[in-house]
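Before anything else, here's the structure in question.
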Amino acid sequence: MAARAKEMKASGIDVISMSLGEPDFDTPLHIRRAAQEAIDNHFSHYGPVPGIPSLREAIANNYQNYQFSDVIVSVGAKMAIYNAIQTVINPGDEVIIPMPSWVSYTEMVKLAEGTVVPVETTFEENYCLTPDKLRAALTPRTRMIILCSPNNPTGSVYTRAQLEELIAVLRDFPEVTILSDEIYNALVYDVEAPSLASFPELADRLVIINGVSKSYAMTGYRIGWLLCKNKAFIAACTRLQGQQLTCATMVAQKAAEAALTGSQECVKEMRQVFANRRELICRLASEIPGFKFREPQGAFYLFPDVSAIGSGDEVAELLLDKAHVAVVSGSAFGCPSCIRLSYAISTDEITEALRRIKSVLTHN
Ligand code: PMP
């Protein structure tokens, strides 16, 4: 779909892309300056495998119980997730992934020759895993569960009570590592997104994932990280990264450090822009026939169920062909009855895109 949308654009058709998975903002000025300074100050050599200590310190400072030695900086959260899976998962180990989910978890587990155990969640459940479904999916071979809150693609956020219920179930399965992808945790609206790091009982088997891509508009810098208090895990993961990467780009690490230690006003401002766009897209989408959705609580996606119109694939195709709006079919996320619309675009574009979608679906 993305390739077709590009082709259409290249041939002069005015396609609005709502398929983006990244903020549309420029990286804030003080962060860019820090990158420039890092170049001028010769951050041009290899660095420590797990990252620059001052950056690891800044990352750990966001949590009460973590220190810099619990942190490994990688090339984006993506690589941190991949490394964590490679470190923990042996062939045949089972990994529970609540669906819909970000597409890469499944593929990464397959790369580690693990067995993906997808667990379907529903609209009625706000696409959150329930304790009953978790218990039913756990087996003696389960070695990991991957949670993502705020969620891509659904925008759902787990409450503290929901997390407590899941943890209660996991108490009977101490050999299960919990991978908690919290990359969107700065982008929440009207709710809190509790970190699993605030549950000390999990510490030894919890891997927290985060990065600068989404919260500071730094996707291209490629800096993300994991935190874990299990020393054996950190040692193994560091060995893996040492052979595969050496270290994340030094200049980008210095920019990430500036992002974390500088003023957080830019994060607030960007969140407010997203909050306004969210309000707009929810208002306009509620007038579209056949769209059934919940207000997203975090991230920057709307994830309507479109089964009243057709499959996610069919509707995505229809919208590209007839409305010239590119969206992503839910089938990419293991939820074929939905489509994902990114609102990381301007309010003018949101308004025009939703006008076109409404017109096409009203006359379809
Ligand atoms: N996790 C989720 C849920 C994501 O949506 C993304 C980016 N699309 C990532 C991780 C990876 O982010 P990055 O590698 O840019 O840090």
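List, in order, the whole-Hz ³J(HN,Hα) value for each residue of region 93-104 obtained from phi through the Karplus relation with A = 6.51, B = -1.76, C = 1.60 and θ = phi - 60°; use x for Gly and Pro.
So the Karplus estimates, Gly and Pro as x, are 5, 9, 10, 7, 10, x, 10, x, 8, 4, 5, 6 Hz.
Along region 231-248, what does the Karplus equation 6.51 cos²θ - 1.76 cosθ + 1.60 (θ = phi - 60°) give for ³J(HN,Hα), rounded to whole Hz, x for Gly and Pro?
Rounded to whole hertz, the list is 5, 5, 5, 4, 5, 5, 5, 5, 4, 4, 5, x, 7, 9, 9, 6, 7, 5.
If amide hydrogens are placed 1.01 Å from N in the peptide plane, which non-local residues have theirs closer than 5 Å to the one on Met99?
Val119, Glu120, Thr121
If packing is taken as the mean number of other Cβ atoms within 10 Å per residue, what is the order of 203-216, 63-76, highest first?
203-216, 63-76
Next question. Which far-off residues, 5 or more places away or on another chain, put their amide H under 5 Å from the one on Ile339, with H placed in the peptide plane?
Residues meeting the criterion, in which the H sits 1.01 Å from N, are Val306, Gly330.
Can you work out ³J(HN,Hα) from phi for every residue in region 262-269, in order, using Karplus 6.51 cos²θ - 1.76 cosθ + 1.60 and θ = phi - 60°, giving whole Hz and x for Gly and Pro?
Computed from phi, the couplings for region 262-269 are x, 4, 9, 4, 4, 5, 4, 5 Hz.
Give, to the nearest whole percent, the P(r) tail of region 29-261 beyond 22 angstrom, counting all Cα pairs.
The calculated P(r) of region 29-261 puts 50 percent of pairs beyond 22 Å.
Taking the Cα atoms only, what angle lies between the long axis of helix 250-261 and the longest principal axis of the chain, rounded to 10 degrees?
Between the helix axis and the principal axis of the chain, the angle is about 80 degrees.
What 222 nm value per residue comes from the helices of the chain, counting each DSSP H run with n ≥ 4 as -39,500 (n - 2.57) and dividing by all residues, nearest 500 deg cm²/dmol?
-11500 deg cm²/dmol
How far, in degrees from 0 to 90, does helix 347-362 lean away from the longest principal axis of the Cα atoms of the chain, to the nearest 10?
Approximately 50 degrees, to the nearest ten.
Give Lys78/Lys231; Lys78/Lys110; Lys214/Lys268; Lys214/Lys358; Lys322/Lys358; Lys6/Lys322 a once-over and call out the pairs whose C-alpha atoms are over 19 Å from each other.
Violating the 19 Å Cα-Cα cut-off are Lys78/Lys231; Lys214/Lys358.
Ok, one more. When the Cα centres of region 304-364 and region 1-59 are compared, how far apart do they sit, in Å?
If we compute the Cα centre of each part, the gap is 27 Å.
Separate question: Antiparallel DSSP bridges in the chain: what percent, to the nearest 5?
45 percent
Pairs of alpha-carbon atoms within less than 8 angstrom and 6+ residues apart define the contacts here; what relative contact order does region 29-261 have, in percent?
31 percent
Each value in this text was obtained by applying a stated rule to the coordinates, not by laboratory testing. Just so you know, these numbers come straight off a predicted model, no measurement behind them. No Cβ is skipped: glycine too gets one built from the backbone with ideal geometry, and neighbour counts run over all protein chains shown.
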